[in-house]
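Everything on this sheet refers to the single structure shown next.
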Amino acid sequence: MIIAIDGPAGSGKSTIAKLIAEDLGLVYLDTGAMYRLVTLKALNDGILGDLEEIKKMLDNLNIDIKENSFYLDDIDVSEEIRKPVVSENVSNIAAIREVREKMVDLQRKFSESKNVILDGRDIGTVVFPNADVKIFLVADAKERANRRYKELVKKGENVKIEEIYENILKRDEIDSTRKESPLKKAKNAIEVDTTSKNIEEVKNEILNICSKYS
Ligand code: C5P
């Protein structure tokens, strides 16, 4: 069983995917976190704009995911990968073909012989085009920015809502116009708009869809 949840930044994918995973007893994979790990590594190594160095770095990349914690070179960086500096750079890193090939390969290996739910941008279109259920989650950009803002403030981050809004718009633009696996709704995906809906409502809507299509 494979459930694919795609959609733009801040549409609620990871919150919902975690809840559906619990409810249906699936393993959850946050593929956005994987691109964030690669971005953090490039930032730490000071090679952000250097395509050749990034490609070389991929050969020795040491990332791991254990129970919703994310590791880079055996260090838990679950907090760091959510920082604004990573959000500002991740879409450019995720647009690199070699980065995507490596991540998609890892995502497929991770999902082998498991019942899984994955969230991302290209799960239903590229990673698992034959997924049992495909959801495309959308929400008004202002509301998405507001949700991210609240999340980050709760974690003690000093952020401005305008900057988060700009970052969300910029990421959506890069993610949906890039050459490699752009963000788009798969032909047979079901669109769910989460604007003005609470988490429980969205969860139930998606559980309903899952029970019909799987
Ligand atoms: O889901 P999240 O917002 O954490 O994803 C961070 C970034 O990773 C996205 O803006 C996008 O550039 C990239 N991404 C991707 N493909 C995925 C998941 C995320 O390109 N499957």
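The values are calculated or read from the model by the stated rules, or taken from the named source; none is laboratory data. Model, not experiment: these values are computed from the prediction. Neighbour counts run over all protein chains shown; Cβ positions are idealised from the backbone, glycine included. Accessible surface is based on the protein model in full, side chains and every heavy atom, while ligands, DNA and RNA are left aside. Shrake-Rupley method; radii C 1.70, N 1.55, O 1.52, S 1.80 Å.
Mind checking which residues of the stretch 1-15 are farther than 18 Å from Glu166 by Cα, surrounded by 23 or more Cβ atoms within 10 Å (Cβ to Cβ) and within 12 Å of the ligand (Cβ to nearest atom)? Steps first, answer last, please.
Applying the first criterion (farther than 18 Å from Glu166 by Cα) to the stretch 1-15 yields 1-6, 13-15.
So of that shortlist, the ones also surrounded by 23 or more Cβ atoms within 10 Å (Cβ to Cβ) come out as 3-6, 13.
Matches in the stretch 1-15: Ala4, Ile5, Asp6, Lys13.
When the stretch 16-59 is limited to residues that are assigned to a loop (DSSP other than H, G, I, E, B) and open to solvent by less than 70 Å² (accessible area, probe 1.4 Å), the one that is farthest from the ligand (Cβ to nearest atom) turns out to be Gly25. Here Glu173, Glu191 are screened, and the one residue that is open to solvent by 50 Å² or more (accessible area, probe 1.4 Å), within 21 Å of Ile5 (Cα to Cα) and either part of a loop (DSSP other than H, G, I, E, B) or within 12 Å of the ligand (Cβ to nearest atom) (or both) is Glu173. Contact annotation: residue pairs with Cβ atoms under 9 Å, 6 or more positions apart or on different chains, pairing a residue in the stretch 108-130 that is farther than 14 Å from Ile5 by Cβ with a partner that is away from the ligand (no atom under 13 Å from the Cβ) and in a loop (DSSP other than H, G, I, E, B), are Lys114/Met1; Lys114/Leu26; Asn115/Met1; Asn115/Gly25; Asn115/Leu26. Restricting attention to the stretch 62-71, the residues that are in contact with a Leu (Cβ under 8 Å, 6 or more places away or on another chain) and assigned to a loop (DSSP other than H, G, I, E, B) total 1.
Residues considered: Lys150, Lys155, Lys142. Of these, the only one that is away from the ligand (no atom under 13 Å from the Cβ), farther than 28 Å from Asp64 by Cα and loosely packed, with under 13 Cβ neighbours inside 10 Å is Lys142. Contact map, the stretch 174-193: first residue of a type outside the set (Gly, Ala, Ser), second residue loosely packed, with under 15 Cβ neighbours inside 10 Å, Cβ cut-off under 6 Å, separation 6 or more or different chains; pairs are Glu180/Arg97; Pro182/Ser176; Leu183/Ser176. Residue count for the stretch 95-108, restricted to those that are more than 23 Å from Val27 (Cα to Cα) and either within 10 Å of the ligand (Cβ to nearest atom) or assigned to a loop (DSSP other than H, G, I, E, B) (or both): 3.
Confirm whether Arg171 is more than 25 Å from Glu67 (Cβ to Cβ), of a type in the set (Lys, Arg) and within 16 Å of the chain's Cα centre (by Cα). Explain how you work it out, then say what you get.
Values: more than 25 Å from Glu67 (Cβ to Cβ): yes; of a type in the set (Lys, Arg): yes; within 16 Å of the chain's Cα centre (by Cα): yes.
Yes.
Which count do you get for residues in the stretch 62-81 that are open to solvent by less than 70 Å² (accessible area, probe 1.4 Å) and over 16 Å from Gly120 (Cβ atoms)? Steps first, please.
Let us first name the residues in the stretch 62-81 that are open to solvent by less than 70 Å² (accessible area, probe 1.4 Å), namely 62-65, 69-73, 77-78, 81.
Retained after the next criterion (residues that are over 16 Å from Gly120 (Cβ atoms)): 62, 64, 69, 71-73, 77-78.
Total satisfying the criteria: 8.
Take the stretch 194-214 and flag every residue that is assigned to a helix (DSSP H, G or I) and free of Cβ contacts under 8 Å to residues at least 40 places away in the same chain.
Residues of the stretch 194-214 that are assigned to a helix (DSSP H, G or I), as a first pass: 199-213.
The answer is Glu200, Glu201, Asn204, Glu205, Asn208, Ser211, Lys212.
Checked against (1) open to solvent by less than 70 Å² (accessible area, probe 1.4 Å); (2) within 11 Å of the ligand (Cβ to nearest atom); (3) not hydrophobic (A, V, I, L, M, F, W, C), Asn92 passes all but condition (1). Could you check Lys160 against (1) away from the ligand (no atom under 12 Å from the Cβ); (2) surrounded by fewer than 20 Cβ atoms within 10 Å (Cβ to Cβ); (3) in contact (Cβ under 8 Å) with a residue 12 or more places away in the chain and say which number it fails? In the conditions (1) away from the ligand (no atom under 12 Å from the Cβ); (2) surrounded by fewer than 20 Cβ atoms within 10 Å (Cβ to Cβ); (3) in contact (Cβ under 8 Å) with a residue 12 or more places away in the chain, Lys160 misses (3) alone.
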